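Presented below is the structure to which this report refers.
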Amino acid sequence: MIRPIVEVLHGRKVIEGAGVHLRRVFGFQNPKQFDPFLLLDDFRSTKREEYIKGFPWHPHRGIETITYMLQGDVEHGDSLGNSGILSAGDVQWMTAGSGIIHQEMPQGDEQGILQGFQLWANLPADSKMIPPCYRSITDSDIPLVKKPDGTLIRIIAGSVDGVTGPADNIIIDPEYLDCTVPPRTQFSHPTQKGYTVFIYVIGGTGIVDDTRVNDKDLVLFADGEEVALASEEKSLRFLLLSGKPIREPIAWRGPIVMNTDEELDQAFRELQDDTFIKNT
């Protein structure tokens, strides 16, 4: 059964960190709507002043943050001593687990262009306090599948035509695909029944379930075994995400997501008394 549309979202402009202008596609409204995903931010910009102040040191606990860069660089560092640069095509899959304090400082490219996305995924109760860790995935690590009709699919997580992405053995069993469909071409992809599935358009226009979608539109699907859509006169590019719902209580305050308010209070007390970091 082809998944019908539940809702089309357009997101809203917000300012986060030390003054980063971005589009919050979803997040902080109804955390169960996209379970196991919590938030998606689009930080595409051509103006250095909109992002250069970055996201100085801040904590996370109980979630995973997934950063995918299309253009420009982001410098990062954390309380465990890790540091590096994310460049075009790279992915950082960070499991905050029991707690980490880090910073992300966008630099853009030589022309001042920055294009990327950050997705937050929840962790179940029995994994919220696991040791934090990183999966640093470079552009060259991500396989590209070309379909006979010319459709291109970069596989960050999940599998297409027997090819599997580098982000594997992840609790929510995600798919994360970057798909480019040529003009006037039909696209379909099998999906796991019972999983949450959505696409986020990042270029071109297309038709989904008789609805026209454009750049910066998110389409949330109802349950089913397949997603289907079509491009129009130009190529259509979108991110396709799916994951296994956790279906647990969500207590969420800023960068920390737990199961109860008591756990949240404890996390913020630990931040104040410098006992937040459990693994060094």
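The values are calculated or read from the model by the stated rules, or taken from the named source; none is laboratory data. All of these numbers come straight from a predicted model, not from anything done at the bench. When we count neighbours, we look across all protein chains shown, and the Cβ atoms used for this are built from the backbone with ideal geometry, even at glycine. Just the protein is used for accessible areas: all its heavy atoms, side chains included, with ligands, DNA and RNA removed. Shrake-Rupley method; radii C 1.70, N 1.55, O 1.52, S 1.80 Å.
Before moving on, here are some points about what is shown:
- Per-residue [θ]222 nm for the chain (sum of -39500 (n - 2.57) over DSSP H runs n ≥ 4, rounded to 500): -1500 deg cm²/dmol
- 21 Å Cα-Cα threshold exceeded, pairs from LYS32/LYS244; LYS32/LYS128; LYS244/LYS278; LYS216/LYS244: LYS244/LYS278; LYS216/LYS244
- Restricting the range 177-216 to trypsin sites (Lys or Arg not before Pro) in coil, as DSSP defines it, with at most 13 other Cβ within 10 Å: ARG184, LYS193
- Percent accessible area from carbon and sulfur atoms, the range 123-218, protein chains only, probe 1.4 Å: 48 percent
- A Förster radius of 30 Å combined with the Cβ-Cβ distance from ALA88 to LYS147 puts the calculated FRET efficiency at roughly 0.80.
- A DSSP coil position with no more than 12 other Cβ atoms inside 10 Å describes none of the chymotrypsin sites (Phe, Trp or Tyr not before Pro) in the range 105-173.
- Against the chain, whose longest principal axis is taken from its Cα atoms, helix 261-272 shows a tilt of about 60°.
- Calculated from backbone phi, Karplus (6.51, -1.76, 1.60) coupling profile of the range 3-14 in Hz, x at Gly/Pro: 6, x, 7, 8, 6, 10, 10, 10, x, 8, 7, 9
- Ligands, DNA and RNA excluded, the heavy atoms of SER242 present near 10 Å² of accessible surface to a 1.4 Å solvent probe.
- Size descriptors for the chain (Cα atoms only): Rg and Dmax, in that order, 18.4, 59 Å.
- Anchor LYS53: aspartates and glutamates whose Cα lies under 14 Å away (excluding residues fewer than 8 positions away in-chain): GLU16, ASP73, GLU75, GLU104
- Whole-number accessible area per residue in Å² for the chain, which is evaluated in the context of all protein chains at 1.4 Å: 44 Å²
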